[in-house]
Amino acid sequence: MSGKIIVIGSMNADLVVHSPRMPQIGETLTGSRFQVNAGGKGLNQAVAIAKLGGSASFCGCVGNDSNGELLLNELKGSNVDFKGLKTSEAPTGIAMITVIDGNNFIILDPGANEKLTPEVVEEYSGLIAESDFCVMQLEIPVKTVLKVCEIAEKSDTKILLNPAPYKELPDEIFTKIDYIIPNEHEAYDLTGVYPDNEENTEKAILKLRQKGAKNVIITLGERGCSYNIGDEIIFKPALKTEVVDTTSAGDTFIGGLVSSLSQNKTLSDSVDFATKASAITVSREGASKSIPYADEIE
Ligand code: RIB
């Protein structure tokens with residue numbers, strides 16, 4: 001039986017165009033394959049958990065508009081139970097995504113995600129307390145993340161924080177985090193050490209542990225990831241695959257990881273599963289729609 005997971009985070013409509021290259025200032029370039037997709041790091045991670053065998057509820061905030069409907073339908077279609085707010089005070093979050101050679105460049109207008117306040121999440125204290133895992137990112141206010149950590153601390157709920165996009169965090173938050181999962185840029189912003197080789201990656205992991213995080217997993221893009229089991233540092237290479245669109249590869253990794261942990265698998269087995277799942281995601285277009293189902297993973 002799998003444990004309960006709650007994701008507290010963002011939901012965005014992703015406006016995507018593929019481009020041959022970056023435009024110069026003032027230049028108009030012709031792109032292709034325009035799409036409006038359901039996305040947002042929170043929504044993608046919740047959908048990933050559900051598709052990859054876990055049981056997820058999701059607490060977020062959308063605007064009272066057609067993009068909001070698109071996102072709520074995506075959650076419903078993926079069997080993710082939506083909690084939270086539909087607000088008239090702000091539009092649904094928007095991510096403008098340009099994909100060049102499979103790599104994504106994202107500009108976010110958080111819109112309604114900013115309305116996910118500590119007061120809103122407090123209404124779900126009971127649900128947070130009865131969950132085994134709580135997954136968050138930083139496309140919502142930091143004070144909300146801190147509030148959830150305080151609620152979770154009173155129960156046995158384990159906190160996984162994906163510090164994306166980077167925002168400054170209060171020192172006291174780190175001791176409340178069971179798993180912190182930054183990518184290489186976020187690891188640099190958090191520690192001042194860029195994990196560009198094994199030695200620096202170990203240093204960045206150590207710094208995050210010294211801040212108080214119990215488990216650190218740094219995702220390193222096409223180089224794979226690195227994590228600690230106690231004092232041991234492990235490097236896990238990525239799987240070789242054709243790169244079509246990297247959008248939501250990190251979200252798939254996190255969804256796969258927590259989904260596997262919630263089924264009482266070990267951290268190494270869960271990292272292996274997450275690595276396989278995110279390799280499939282990068283071989284497909286889109287955000288939540290590119291995430292594979294558990295039965296697609298060998
Ligand atoms: O991690 C990918 C996501 O980041 C996209 O879906 C976009 O909405 C941004 O939040």
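The GluC sites (Glu not before Pro) of the stretch 43-116 meeting both criteria, a DSSP state outside H, G, I, E and B (loop) and at most 16 other C-beta atoms within 10 angstrom of the site's C-beta, are GLU89. Please list, by residue number, every one of the GluC sites (Glu not before Pro) in the stretch 141-234 that is coil in DSSP and has at most 15 other beta-carbon atoms within 10 Å. Counting only loop positions with at most 15 other Cβ atoms within 10 Å, the GluC sites (Glu not before Pro) in the stretch 141-234 are GLU168.
With Cα atoms as the point set, the radius of gyration and Dmax of the stretch 1-139 evaluate to 16.3, 56 Å. In the stretch 114-265, one over the average inverse separation of all distinct C-alpha pairs is 16.0 Å, which is the Kirkwood hydrodynamic radius.
Using the Cβ of ILE233 as centre and a radius below 13 Å, the other residues enclosed give a net charge of -1, where K and R count +1 and D and E count -1. Secondary-structure-derived ellipticity at 222 nm for the chain, considering helices only, amounts to -10000 deg cm²/dmol, per-run term -39500 (n - 2.57) for DSSP H runs with n ≥ 4. Express the carbon and sulfur contribution to the solvent-accessible surface of the chain as a percent, rounded to the nearest whole number, probe 1.4 angstrom. Of all accessible area on the chain, carbon and sulfur atoms account for 49 percent. For the stretch 272-281, backbone phi angles converted through the Karplus equation (6.51, -1.76, 1.60; θ = phi - 60°) give residue-by-residue couplings of 4, 4, 5, 5, 5, 5, 6, 5, 5, 4 Hz, Gly and Pro being listed as x. Rg over Rh for the stretch 7-58 works out to 1.19, both radii taken from alpha-carbon positions and Rh defined as the Kirkwood radius.
The relative contact order of the stretch 2-42 comes to 54 percent, based on Cα pairs under 8 Å that sit 6 or more residues apart. Comparing PHE273, PHE235, PHE34 in a Gaussian network model of the chain, where Cα atoms under 10 Å apart are tied by springs, the biggest mean-square fluctuation is seen for PHE34. At the listed q of 0.10 Å⁻¹, the Debye profile of the stretch 203-298, built from one uniform point per Cα, gives log10 I(q)/I(0) equal to -0.26.
Pairs of lysines in the stretch 113-215 whose Cα atoms sit within less than 12 Å of one another amount to 8, provided the residues are eight or more positions apart or on different chains. Treating each Cα of the stretch 253-298 as one equal point scatterer and applying the Debye formula with no solvent, the log10 of I(q)/I(0) at q = 0.27, 0.29, 0.34 Å⁻¹ comes out as -0.94, -1.04, -1.26.
The trypsin sites (Lys or Arg not before Pro) of the stretch 125-229 meeting both criteria, a DSSP state outside H, G, I, E and B (loop) and at most 12 other C-beta atoms within 10 angstrom of the site's C-beta, are LYS154.
Take each peptide in 128-140, 38-50, count the other Cβ atoms within 10 Å of every residue, and average; sorted highest first, the result is 38-50, 128-140. Rolling a 1.4 Å probe over the heavy atoms of the protein chains gives the chain an accessible area of 44 Å² per residue. Maximal additional length on extending the VAL243-SER32 stretch stands at 74.2 nm, based on 0.36 nm per residue less the C-alpha distance. Here the simple spin-label model places points 7 Å from the Cα toward Cβ, and for ILE233 and ASP178 these points are separated by 2.5 nm. Distance between the C-alpha centres of the stretch 1-64 and the stretch 176-234: 24 Å, rounded to the whole angstrom. Considering only the other residues whose Cβ falls under 11 Å of the Cβ of ARG284, what net charge follows from Lys and Arg at +1 and Asp and Glu at -1? Around ARG284, the surrounding residues sum to -3.
Under the convention that each Lys and Arg Cβ holds +1 and each Asp and Glu Cβ holds -1, the size of the dipole of the chain around its Cα centre is about 220 debye. All Cα-Cα distances of the stretch 70-191, cut into 5 Å bins from zero to the largest, leave 2, 9, 17, 21, 21, 17, 10, 3, 1, 0 percent in each bin in turn. Here the ratio of the Cα radius of gyration of the stretch 196-257 to 2.2 N^0.38 Å is 1.19.
The smallest convex shape that holds all Cα atoms of the stretch 156-223, its convex hull, gives 80 Å³ per residue. Restricting the calculation to Cα atoms, the chain shows an Rg/Rh of 0.94 when the hydrodynamic-style radius is the Kirkwood one. When the chain is treated as a Gaussian network with alpha carbon springs shorter than 10 Å, the biggest mean-square fluctuation among MET11, MET96, MET22 belongs to MET22.
The values are calculated or read from the model by the stated rules, or taken from the named source; none is laboratory data. Since the structure is predicted, the reported quantities are computational estimates derived from the model, not experimental observations. Glycine also receives a Cβ, built like all others from the backbone with ideal geometry; neighbour counts cover every protein chain displayed. Calculation scope for accessible area: heavy atoms of the full protein, side chains included, ligands and nucleic acids excluded. Shrake-Rupley method; radii C 1.70, N 1.55, O 1.52, S 1.80 Å.
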